[in-house]
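Student: Before we start, here is the structure in question, set down as structure tokens.
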Amino acid sequence: MAARKRAAAIHLKSTAEIDAIARSGAIISALFAELEPRVHPGVTTAALDRFADTYIRSHDGAVPAFKGLYGFPGSACISVNAEVVHGIPRRRRLRQGDIVSIDVGVRQGGWCADSAYTFPVGEIGDDAAHLLAVTRDALRLAVAAARPDHHVGDIGAAVVNRVRGTGLAIIRDLVGHGVGRQIHEEPQVPNRGRAGCGVRLQTGMVLAIEPMLSAGTEEIVTLADRWTVTTADGRLSAHFEHTVAVSADGPAILTGGGIWDRPGAPNRGDQQPATGVGTRLTTTARNR
Ligand code: MG
Ligand code: MG
């Protein structure tokens, strides 16, 4: 989401509420696993969006949370190559070597989860593979920083530290966010930060942590469709996102499993699989 200046209440979630968010999150990770073989040269982003919509609604009471959000026309945001976020699904056909970021929100039983994954389309070049690997690893490290008594700045600092020296840039002006009853809640979760700065993290916070990196500039522009955000220099961009609960036991990924456990996924093995909705209050980082 776009960064903005506003302070509002941060809603802490109970264990039951976190479990409800995890049920929405499990739909997204399973959806991504279903989408993976469907992301291939020749498929349109509109076809992927239709699949996502049908898949989400096939789960009891679940709806795509982005459909109609602020007027967005799609069920998923599908952003190709230089597109960073908020790509509108359309009849464009993916081509060999593209990368495509699919960002999905699900609301079920009144509780939302939010997750994004950047897929390679067929064989991709070394530069694109580097971008995907670093972005996903930045997410892993950012998630690991989401612990009680850390600060929101520790999350951004983890991204900064991972990206330094890679030749990649952290997209400015787009941030993660709290998530719960609403898809976008307080606090904002910047991808750049200083350790020990910002809102103090507490048990019960649920955060969408979502590093967005580019192979060139940190600057973005919004296209004439008023939705699609691209890199200002047209270089590639990648986006990985998890919904994460801050718990006494460490960060609990509520959108894990599914594609994140797949063999062949970028950085395979960099995240521990989730182990069921009620038992996800285990860290992804300390078991490595
Ligand atoms: Mg998202
Ligand atoms: Mg988000």
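The values are calculated or read from the model by the stated rules, or taken from the named source; none is laboratory data. On a predicted model such as this, the values are computed, not experimentally measured, just so you know. Note: ideal-geometry Cβ built from the backbone for every residue, glycine included; neighbour counts use all protein chains shown.
Student: Please give the strands (runs of 3 or more DSSP E) falling wholly within the range 76-167 in which 3 or more residues are more than 16 Å from Ser237 (Cα to Cα).
Tutor: Hits in the range 76-167: 99-108, 111-120.
Student: From Ala65, Ala20, Ala26, Ala46, which residue is touching a Gly at 6+ places or on another chain (Cβ under 8 Å), closer than 25 Å to Arg92 by Cβ, of a type outside the set (Val, Ile, Thr) and at pLDDT 95 or above?
Tutor: Ala65
Student: For the range 104-140, enumerate the residues that are of a type in the set (D, E, K, R), closer than 15 Å to Ser214 by Cβ and more than 16 Å from ligand 2 (Cβ to nearest atom).
Tutor: Asp127
Student: Continuing with this model, one more query. Failed condition for Gln182, given (1) of a type in the set (S, T, N, Q); (2) touching a strand residue (DSSP E or B) at 6+ places or on another chain (Cβ under 6 Å); (3) part of a loop (DSSP other than H, G, I, E, B); (4) within 15 Å of ligand 2 (Cβ to nearest atom), with all others met?
Tutor: Checking Gln182 against (1) of a type in the set (S, T, N, Q); (2) touching a strand residue (DSSP E or B) at 6+ places or on another chain (Cβ under 6 Å); (3) part of a loop (DSSP other than H, G, I, E, B); (4) within 15 Å of ligand 2 (Cβ to nearest atom), the one that fails is (2).
Student: Out of all the residues in the range 30-60, which are small (Gly, Ala, Ser) and in contact with a strand residue (DSSP E or B) (Cβ under 7 Å, 6 or more places away or on another chain)?
Tutor: In the first step, residues of the range 30-60 are kept if they are small (Gly, Ala, Ser); the result is 30, 33, 42, 46-47, 52, 58.
Of everything in the range 30-60, those that are small (Gly, Ala, Ser) and in contact with a strand residue (DSSP E or B) (Cβ under 7 Å, 6 or more places away or on another chain) turn out to be Gly42, Ala52.
Student: Taking the options Arg136, Arg91, Arg107, name whichever one is exposed (fewer than 15 other Cβ atoms within 10 Å of the Cβ), of a type in the set (Lys, Arg) and either away from ligand 1 (no atom under 16 Å from the Cβ) or in contact (Cβ under 8 Å) with a residue 60 or more places away in the chain (or both).
Tutor: Result of the check over Arg136, Arg91, Arg107: Arg91.
Student: Restrict the check to the range 172-192 and report whether at least one residue is more than 18 Å from the chain's Cα centre (by Cα) and on the phi > 0 side of the Ramachandran plot.
Tutor: Checking the range 172-192: not a single residue is more than 18 Å from the chain's Cα centre (by Cα) and on the phi > 0 side of the Ramachandran plot.
Student: For residues that are in a loop (DSSP other than H, G, I, E, B) and within 15 Å of ligand 2 (Cβ to nearest atom), tally how many sit in the range 195-220.
Tutor: Here is the first cut: in the range 195-220, the ones in a loop (DSSP other than H, G, I, E, B) are 195-199, 201-205, 210-211, 215-219.
From what is left, the residues that are within 15 Å of ligand 2 (Cβ to nearest atom) are 205, 210-211.
Total satisfying the criteria: 3.
Student: Sort out which residues of the range 25-45 are crowded, with 16+ Cβ neighbours inside 10 Å and farther than 17 Å from Asp114 by Cα, and write them in order of number.
Tutor: Selection gives Glu36, Val39, Val43, Thr45.
Student: A further question follows. Within the range 117-127, is there a residue that is of a type in the set (Ser, Thr, Tyr) and within 27 Å of Lys13 (Cα to Cα)? Full working, then the answer.
Tutor: As a first pass, look at the range 117-127 and keep what is of a type in the set (Ser, Thr, Tyr): 117-118.
Remaining after also requiring within 27 Å of Lys13 (Cα to Cα): 117.
So far as the range 117-127 goes, yes, one or more of its residues are of a type in the set (Ser, Thr, Tyr) and within 27 Å of Lys13 (Cα to Cα).
Student: Only one of (1) closer than 30 Å to Arg93 by Cβ; (2) without any contact (Cβ under 8 Å) to a residue 12 or more places away in the chain is not met by Ala33, so which one is it?
Tutor: (2)
Student: May I ask you to list pairs of residues, at least six apart or on different chains, whose Cβ atoms are under 7 Å apart, with the first in the range 200-223 being modelled with pLDDT under 95 and the second being among the polar types (S, T, N, Q)?
Tutor: As it stands, the answer is none, since no pair meets every condition given.
Student: Also, I was wondering about something else. Suppose we filter the range 220-262 for residues that are more than 22 Å from Val80 (Cβ to Cβ) and either more than 16 Å from the chain's Cα centre (by Cα) or surrounded by fewer than 21 Cβ atoms within 10 Å (Cβ to Cβ) (or both); how many remain?
Tutor: 6
Student: May I ask you to list pairs of residues, at least six apart or on different chains, whose Cβ atoms are under 6 Å apart, with the first in the range 2-20 being in a helix (DSSP H, G or I) and the second being modelled with pLDDT of 95 or more and surrounded by fewer than 16 Cβ atoms within 10 Å (Cβ to Cβ)?
Tutor: Once the first residue is in a helix (DSSP H, G or I) and sits in the range 2-20, its partners that are modelled with pLDDT of 95 or more and surrounded by fewer than 16 Cβ atoms within 10 Å (Cβ to Cβ) give Ala20/Gly109.
Student: Within the range 188-223, which residues are within 16 Å of ligand 1 (Cβ to nearest atom), under 16 Å from Ala157 (Cβ atoms) and touching a helix residue (DSSP H, G or I) at 6+ places or on another chain (Cβ under 7 Å)?
Tutor: Those that are within 16 Å of ligand 1 (Cβ to nearest atom), under 16 Å from Ala157 (Cβ atoms) and touching a helix residue (DSSP H, G or I) at 6+ places or on another chain (Cβ under 7 Å): Val189, Pro190, Asn191, Ile209, Pro211, Leu213.
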